[in-house]
Amino acid sequence: MGIKVCKFGGTSMASGNVILSAAKIVESDSERRYVVVSAPGKRFGGDIKVTDLLYQCSDEIEAGDIAAFKETFGKIRVRFTNIEKEIGKELHIEDGLNEAENEILNGAGRDYCASRGEFLAAKIMAAVLGVPFVDATEFVRFDENGALDQEKTFALGAEVLKQYPRAVIPGFYGLGANGKVKTFSRGGGDISGSIVARSVYANLYENWTDVSGFYVCDPRIVDSPKCIPELTYQELRELSYMGANVLHSESIFPVRSAGIPIRICNTFRPEDAGTYIVKNSTRDIRDYVVTGIAGKKDFTSITLEKSLMNAEVGFVGKVLSVIGKRGISFEHLPSGIDTLSLVIDNEYLKGGVLQEIIDEMVATVNPDKVYTHENIALIATVGHGMAKNVGTSARLFKALSEAGINVNMIDQGSSELNIIVGVESKDYVDCLKAIYNEFFNA
Ligand code: ASP
């Protein structure tokens, strides 16, 4: 018998009734043996995720405002006790809430506080399914730098989970090198699901969410885009990094080396096929040119021009050291013979940092000219089919020119898996629409 790991996201855990639907999904397939859950998310537009309330609690504790903390924690209490009522079973959730509140008041820390949504949600799911609860702190380990310690985690995960033929595990956290609870970045429950899948060598990692898979383009921008039936790990990485946020962009790493496929499924439409994320594509590349399009706004490009730059040994190294020593990473580095551009997330450049960097670059490499574009959006057109289908870039750029969009930057990865264009942020939506119409709506 195979093993499937199911991870249910925040909207699939948002209310008692939805949790019961998720439990039904688990029970409908005996291979669904390990379940990872997120904290209750939004039930409707304008609702607040339990994790957001917990971060608010932590802010209030840090500010020493106990009354505000109590009020916010009260809202979390209501969320969980309502879930218990809807489920209609005694789940002793009040005990868990009291313990969490006391620990937070006694200085358990920000990550502990943020993790309690997942902890309590997993307790509930375990009770509903009648399956053991296994805490993520038993096997998810971080190193001194705060990164996931994959080796330790997979070894411990295999050892711990082999004692349980079935288990429910909270997502989003593990144990830091200092022995305290530590969380992943936001949305990190997807990484936890992937860790569990890798630890038990699952045949499939099912990620249950509120959409029926990855869309070829953001449905908020184009009308009714199709779902992508199958993506490779690499394509997923490109698309999720560029803003297609169905799945956390780091969640493929644990399963990738073991080649475990991921399936994105919809808790509210479990019959839909969803999107499979696999190591090697089984699609015929003659059937499709582009797999998907995604984009992000708010970047700045810094361009340096200098005659004979290509012959100047160490030029790029010196430029990169200016940002490297400030802990700033760059997204892209398109270059010509005498030009070099760095594309950097605006987050890094606030409060005069951009000017500081430019001044130091001028002093270090003495360029003939420096200029910046401060409102750039990056749009990635992604797909393994692009390398094999002649004329893809011609189609893309013709579509952009016909839409009157000025392209500031072009970067094509050497694997020919993507073409990234940089345009003014104001052209972001039109750019996505033009590429979508060319490849998916023709
Ligand atoms: N609850 C966490 C968040 O809201 C983690 C997750 O849902 O994956 O970011």
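Every number in this text was worked out from the coordinates using simple rules, so none of it is lab data. As the structure is a computational prediction, the values presented were derived from the model and not from experiment. With ideal geometry, Cβ positions are generated from the backbone for all residues, glycine too; neighbour counts draw on all protein chains shown.
See the values below:
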quantity	calculated
Unit Cα scatterers, Debye sum, segment 168-322: log10 I(q)/I(0) for q = 0.12, 0.14, 0.16 Å⁻¹	-0.66, -0.81, -0.94
Length-normalised contact order of segment 289-417 in % [C-alpha pairs under 8 Å, at least 6 apart]	41 percent
Cross-link table Lys297/Lys398; Lys297/Lys426; Lys49/Lys75, entries beyond 19 Å C-alpha to C-alpha	Lys297/Lys398
Dipole magnitude (debye, nearest 20) for the chain, charges at Cβ of Lys, Arg, Asp, Glu	980 debye
Set of aspartates and glutamates with alpha-carbon distance to Lys369 below 20 Å, sequence-local pairs under 8 removed	Glu305, Glu312, Asp338, Glu356, Asp359, Glu360
Theoretical gain in end-to-end length, Arg269 to Ile66 [0.36 nm per residue, Cα-Cα removed]	68.9 nm
Helix axis angle, 150-161 relative to the chain longest principal axis, alpha carbon, degrees	20 degrees
Charge dipole of segment 203-333 about the Cα centre (unit charges at C-beta), most positive-ward option of Ser301, Met242, Ser224	Ser301
Relative contact order of the chain, defined on C-alpha pairs under 8 angstrom at six or more residues apart (%)	13 percent
Tensor-based shape of segment 1-67 (alpha-carbon gyration tensor, a/c under 1.5 rounded, otherwise prolate or oblate)	prolate
Within segment 9-53: Cβ-based charge dipole about Cα centre, in debye rounded to nearest 20 (Lys, Arg +1; Asp, Glu -1)	60 debye
√(5λ) per eigenvalue of the Cα gyration tensor, the chain, largest first, Å	41, 27, 21
Selection from Gly109, Asn437, Val362 lying farthest towards where the dipole of the chain points positive, charges on Cβ	Asn437
Global form of segment 346-442, assessed from the alpha-carbon gyration tensor, a/c cut-off 1.5	prolate
Folded to 0 to 90 degrees: helix 428-440 orientation relative to the chain principal axis, Cα	90 degrees
For the chain, share of DSSP beta bridges that run antiparallel, in % to the nearest 5	60 percent
Gain on full stretching of the segment that runs from Ser224 to Glu312 - 0.36 nm per residue minus C-alpha separation	26.6 nm
C-alpha long axis of helix 50-62 to longest principal axis of the chain, angle in °	90 degrees
Where labels lie 7 Å past Cα in the beta-carbon direction, separation of Lys180 and Glu99 in nm	2.0 nm
Lys/Arg +1, Asp/Glu -1 at C-beta; segment 382-434 dipole; positive extreme among Gly385, Val423, Ala399	Gly385
Cα-based shape type of segment 76-193, given that a ≥ b ≥ c are square roots of the gyration tensor eigenvalues and the cut on a/c is 1.5	oblate
